[in-house]
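The values are calculated or read from the model by the stated rules, or taken from the named source; none is laboratory data. Everything numeric here is computed off the predicted structure, so don't read it as measured data. Cβ placement follows ideal geometry from the backbone for every residue including glycine, while neighbour counts extend to all protein chains displayed.
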Amino acid sequence: MLIPISSVPALRAVDSEIFTLRYFMRCMQCTFCHDSCCQYGCDVNAGERDAILAVADELAPYVRAPVSEWFKPEVFEDPEYPTGKYVRAATKNGACVFLSDKGRGCGIHAFALATGRDYHQIKPMVCWLFPICWDKGVMRPNTDVKDDLACFGTGVTLYEASRDEVRVVFGEALVAELDAIKVRIDAGTLAASETVQAALAAR
Ligand code: SF4
Ligand code: SF4
């Protein structure tokens with residue numbers, strides 16, 4: 001169900017499933033998923049692509065393909081991205097080109113840690129905000145969570161896992177609003193009329 005939110009202009013509702021769906025989360029301790037959530041590549045907004053290419057020489061040893069193969073050529077429009085445009089990270093051998101082929105995990109993340117960089121400055125936002133995303137003003141689970149996520153079902157809730165990253169993107173006011181909604185969901189005190197209103201607003 002959709003619940004109205006008002007603390008940030010970019011969002012008008014949140015899907016209550018972010019507070020109830022669960023997944024394993026401890027990616028580097030997972031022994032069964034084989035990083036399958038990285039098999040399709042990811043959206044990379046144009047600014048993130050430029051930041052990645054700006055350090056291409058340093059990053060290249062962490063990537064499974066040459067620089068010319070990192071991104072698909074198509075450029076898509078989406079006003080909800082900071083730059084209004086995004087591209088797709090390419091895939092190679094059944095996984096995102098940035099997935100390490102020497103071990104587990106994202107090569108961009110490993111590069112950031114190894115070089116003392118804040119991964120938020122270079123790793124695609126959709127990846128560090130995963131498994132939460134937002135679309136047309138609605139914060140919700142990433143589509144892959146229920147359809148295709150190997151570690152879906154047990155562990156922490158999507159919101160618990162992503163709460164700090166939500167703060168990075170949207171700030172403390174939204175986290176406070178979501179925390180309050182979570183309390184009401186856990187207590188079963190959310191009014192049905194509120195969710196109807198949000199569902200209508202999201203059409
Ligand atoms: S499938 Fe789950 S545990 Fe494995 S890397 Fe992805 S989010 Fe982490
Ligand atoms: S950029 Fe990194 S986290 Fe994102 S899909 Fe590729 S390997 Fe996975």
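Scan segment 12-26 for residues that are more than 15 Å from ligand 2 (Cβ to nearest atom) and part of a strand (DSSP E or B) and report the count.
4
What single numbered condition from (1) surrounded by 13 or more Cβ atoms within 10 Å (Cβ to Cβ); (2) under 16 Å from the mean Cα position of the chain (by Cα) fails to hold for ARG64?
(2)
Can you tell me which residue is farthest from ligand 2 (Cβ to nearest atom) among those in segment 87-105 that are free of Cβ contacts under 8 Å to residues at least 60 places away in the same chain and basic (Lys, Arg)?
Applying the filter and picking the extreme gives LYS102.
With (1) outside the structural domain of ARG64 (by TED's automatic domain parsing); (2) more than 15 Å from GLY47 (Cβ to Cβ) as the list, and VAL97 as the residue in question, which single condition is left unmet?
Result: VAL97 passes all but (1).
Tell me, which helices (runs of 4 or more DSSP H) wholly within segment 65-154 include 2 or more residues that are touching a strand residue (DSSP E or B) at 6+ places or on another chain (Cβ under 8 Å) and under 23 Å from VAL14 (Cβ atoms)?
Numbers: elements: 107-114, 125-129, 144-148.
Hits in segment 65-154: 125-129, 144-148.
Take the residues in segment 28-37 that are more than 22 Å from TRP134 (Cα to Cα) and touching a residue at least 60 places away in the same chain (Cβ under 8 Å); name whichever of them is nearest to ligand 2 (Cβ to nearest atom).
Narrowing segment 28-37 to residues more than 22 Å from TRP134 (Cα to Cα): 28-35.
Filter once more, so that each one left must be touching a residue at least 60 places away in the same chain (Cβ under 8 Å): 28, 30, 32-35.
Values: MET28: 12, CYS30: 13, PHE32: 17, CYS33: 12, HIS34: 12, ASP35: 7 Å.
So, considering only residues that are more than 22 Å from TRP134 (Cα to Cα) and touching a residue at least 60 places away in the same chain (Cβ under 8 Å), the one nearest to ligand 2 (Cβ to nearest atom) is ASP35.
Of all residues in segment 106-128 being surrounded by fewer than 18 Cβ atoms within 10 Å (Cβ to Cβ) and either touching a residue at least 12 places away in the same chain (Cβ under 8 Å) or not charged (D, E, K, R) (or both), which is nearest to ASP35 (Cα to Cα)? Working first, answer last.
As a first pass, look at segment 106-128 and keep what is surrounded by fewer than 18 Cβ atoms within 10 Å (Cβ to Cβ): 113-121, 128.
Filter again for either touching a residue at least 12 places away in the same chain (Cβ under 8 Å) or not charged (D, E, K, R) (or both), leaving 113-116, 119-121, 128.
Numbers: LEU113: 18, ALA114: 20, THR115: 23, GLY116: 24, TYR119: 18, HIS120: 20, GLN121: 22, TRP128: 14 Å.
Within segment 106-128, the match that is nearest to ASP35 (Cα to Cα) is TRP128.
I need a count of the residues in segment 38-58 that are touching a residue at least 60 places away in the same chain (Cβ under 8 Å), assigned to a helix (DSSP H, G or I) and in the same structural domain as ASP118 (by TED's automatic domain parsing).
Going through segment 38-58 one residue at a time, the tally reaches 3.
Give segment 40-64 a look and list any residue that's at pLDDT 95 or above, under 18 Å from ARG104 (Cβ atoms) and touching a strand residue (DSSP E or B) at 6+ places or on another chain (Cβ under 6 Å), or say none.
Of everything in segment 40-64, those that are at pLDDT 95 or above, under 18 Å from ARG104 (Cβ atoms) and touching a strand residue (DSSP E or B) at 6+ places or on another chain (Cβ under 6 Å) turn out to be GLY41, CYS42.
For TYR86, state whether it is more than 17 Å from ASP35 (Cβ to Cβ), surrounded by 13 or more Cβ atoms within 10 Å (Cβ to Cβ), of a type in the set (Phe, Trp, Tyr) and at pLDDT 95 or above. Break it down stepwise before answering.
Numbers: more than 17 Å from ASP35 (Cβ to Cβ): yes; surrounded by 13 or more Cβ atoms within 10 Å (Cβ to Cβ): yes; of a type in the set (Phe, Trp, Tyr): yes; at pLDDT 95 or above: yes.
Considered against the rule, which asks whether it is more than 17 Å from ASP35 (Cβ to Cβ), surrounded by 13 or more Cβ atoms within 10 Å (Cβ to Cβ), of a type in the set (Phe, Trp, Tyr) and at pLDDT 95 or above, TYR86 comes out as yes.
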